[in-house]
Amino acid sequence: MGKSSEKKVEWSQEVTAHSNALDIEPGVFASDDPRKIAHSLKRSAEASKRRKSSAFRSAMSMLTFYINRAGSGLSSEQKNVLEKAKDELRKDFGREPKG
């Protein structure tokens, strides 16, 4: 792994762990319950005073960012849980789930 690859990993880990917009509950993305993940992200987004967009957009962005950055490191089961968490997040914010 080259130096730039190492910096990318460090950067994405840092953003996930210490987002400037949201204070994420530790271990939330490791949960096997999509509703728990969505509820936690919603609470974090609504409580944040530093976010620059709506609570929904901030929460969804953090979830999508995590999925994209974890990439092939996610098991298919955990990726499915996280994708279902997107629909739960939409429901939590009164939006229609996709699909």
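Within a 10 angstrom radius of the beta carbon, how do PHE65, PHE93 rank from fewest other beta carbons to most? Mind showing how you got there, number by number?
On the way: PHE65 14, PHE93 17.
Placing the least packed residue first, the sequence is PHE65, PHE93.
Quick one: LEU63, LEU74, fewest Cβ neighbours within 10 Å first, how do they rank?
Going from sparsest to densest Cβ surroundings: LEU74, LEU63.
Taking neighbour counts of Cβ atoms within 10 Å as a proxy for exposure, in what order, fewest first, do SER54, SER72, SER40, SER61 appear?
Values: SER54 12, SER72 5, SER40 20, SER61 17.
Going from least to most buried by this count: SER72, SER54, SER61, SER40.
Just so you know, all these numbers are worked out from the coordinates, no wet-lab data involved. Predicted model, so just to flag it, every value in this text is computed and none were measured. Cβ sites come from the backbone with ideal geometry, for glycine too, and all protein chains shown count toward neighbours.
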